[in-house]
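The values are calculated or read from the model by the stated rules, or taken from the named source; none is laboratory data. Quick caveat: nothing in here was measured; it's all calculated off a predicted structure. Cβ placement follows ideal geometry from the backbone for every residue including glycine, while neighbour counts extend to all protein chains displayed. For accessibility, only protein heavy atoms count, side chains too; no ligands or nucleic acids. Shrake-Rupley method; radii C 1.70, N 1.55, O 1.52, S 1.80 Å.
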Amino acid sequence: MDEQQVRILEDLQGEFDGELGFDPVTREIYSCDASIYQILPLGVAFPKHTDDVVKLALYAYENDIPLIARGAGSGVAGGCIGRGIVIDFARHMNKILSVDSQHVRVQPGVVRDQLNRHLRQFNRYLPPDPSNTAVTTIGGMLAVDAAGSHAVRVGSTRDYAKSIELVLADGFKFEAGFVEDAISIPMPSRENDLIHQLALLLKENQDLIRERQPALIRNSAGYQFRGVLEGKSLNLPRMLVGSEGTLGLFTEATLHT
């Protein structure tokens, strides 16, 4: 290990409940995914819970270290590899937290097929069916807005995201859901200020969004802004899904079933 890796281990020791892998074998394993690309990461983190993600994000923010979210590593575009610290959500954060008559609450490392086997006892299921559904995680599906061969009929993962718990770059955690009036929302908290500023930004640029982001059945180019702001209502999950870890690290999600 080099000096930076040793320092990271020393700084996080006793603070991080999960595992940290900076050995050559672990780094080599996580240097590639299902794509043709290979980038050796600085190290790999295996968080056990959301607090671990918060601590890691804050530490990375203060030390200018990139973080790369990873689920099953089944993507073919190299989205989960990079030179910073790769965060493997699948090892520990893979729990189904709750199920009701219409929704399910999950951690990002839950595998889609395992989730549907669990939901079957409630006569429910999550419709999006990407080709690698036997291994792909819900976090990965949210990251890329996974769809599948039945997308024209059932839609994509974006259509099933009710709310997402996420951690921002500096470790700030909040629950992103549907906000009825984001324009005149009270401003004392950072969360409300973020929602208000985003709503204003989308409102000011709504003509540009309509021009540059036409209404298509499937559009994976850039961030999804169309339909995020409807009147005064802000649908944050609609924008976050498909952002591939660049807007925040997803730690839990409530999904329509």
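Between segment 162-182 and segment 50-72, what is the C-alpha centre distance in whole Å?
About 17 Å separates the Cα centre of segment 162-182 from the one of segment 50-72.
Please go through the residue pairs LYS173/LYS232; LYS173/LYS203; LYS48/LYS203 and name each one whose alpha carbons sit more than 30 Å apart in this structure. If you can, show how the numbers build up before the last one.
On the way: LYS173/LYS232 24 Å; LYS173/LYS203 25 Å; LYS48/LYS203 39 Å.
Checking Cα-Cα distances, LYS48/LYS203 exceed 30 Å.
Based on the alpha-carbon gyration tensor of segment 8-68 and its eigenvalue square roots a ≥ b ≥ c, which shape applies: rounded if a/c is under 1.5, prolate if not and a/b is larger than b/c, or oblate?
Taking the square roots of the gyration eigenvalues as a ≥ b ≥ c, segment 8-68 is prolate.
Could you tell me what percent of the accessible area of segment 17-144 is made up of carbon and sulfur, with a 1.4 Å probe and every protein chain present?
52 percent
Can you spot the aspartates and glutamates whose alpha carbon is less than 15 Å from LYS95's alpha carbon? Ignore those fewer than 8 places along the same chain.
Filter leaves ASP113, GLU165, GLU252.
What trypsin sites (Lys or Arg not before Pro) does segment 91-129 have in DSSP loop regions with at most 15 other beta carbons within 10 Å?
Listed in order of number, the matching sites are ARG91, LYS95.
Of all GluC sites (Glu not before Pro) in segment 171-257, which ones are in loop regions per DSSP and have a Cβ with at most 12 other Cβ atoms within 10 Å?
GLU180
Pairs of alpha-carbon atoms within less than 8 angstrom and 6+ residues apart define the contacts here; what relative contact order does the chain have, in percent?
19 percent
Report, as a whole number in µm² per second, the diffusion coefficient that Stokes-Einstein gives for segment 185-236 at 20 °C and 1.002 mPa s using the Kirkwood radius over alpha carbon pairs. Before the final figure, lay out the partial values.
Numbers: Rh = 12.0 Å.
Translational diffusion coefficient: 179 µm²/s.
Using a 1.4 Å probe and ignoring any ligands, DNA or RNA, find the accessible area of MET187 and quote it in Å² to the nearest 10.
80 Å²
Would you give the gap between the C-alpha center of segment 19-37 and the C-alpha center of segment 117-157, rounded to a whole Å?
Taking the Cα centre of segment 117-157 as reference, the centre of segment 19-37 is 26 Å away.
Report the one residue of GLY14, ALA221, GLY248 whose Cα lies farthest in the direction of the positive end of the charge dipole of the chain (charges on C-beta: Lys and Arg +1, Asp and Glu -1; origin at the Cα centre).
It is ALA221, whose Cα lies furthest towards the positive end.
What FRET efficiency would be calculated for the residue pair HIS256, GLU204, taking the C-beta separation as r and a Förster radius of 45 Å, to the nearest 0.05?
E between HIS256 and GLU204, to the nearest 0.05, is 0.90.
Hey, any idea what Rg/Rh is for the chain, computing Rh the Kirkwood way over Cα pairs?
So for the chain, dividing Rg by the Kirkwood Rh gives 0.97.
Given a 1.4 angstrom probe, I'd like the percentage of the accessible area of segment 195-257 that is carbon and sulfur, rounded to a whole number.
Its accessible area is 50 percent carbon and sulfur atoms.
Could you give the accessible area per residue of the chain, probe 1.4 Å, as a whole number in Å²?
Accessible surface, normalised per residue, equals 51 Å².
Heavy atoms only, probe 1.4 angstrom, no DNA, RNA or ligands counted: give me PHE172, PHE122, PHE46, PHE178 ranked by accessible area, highest first.
Working: PHE172 50, PHE122 90, PHE46 10, PHE178 115 Å².
The residues order as PHE178, PHE122, PHE172, PHE46, largest area first.
Can you tell me the Rg and Dmax of segment 142-257, counting just the alpha carbons, in angstroms?
14.1, 45
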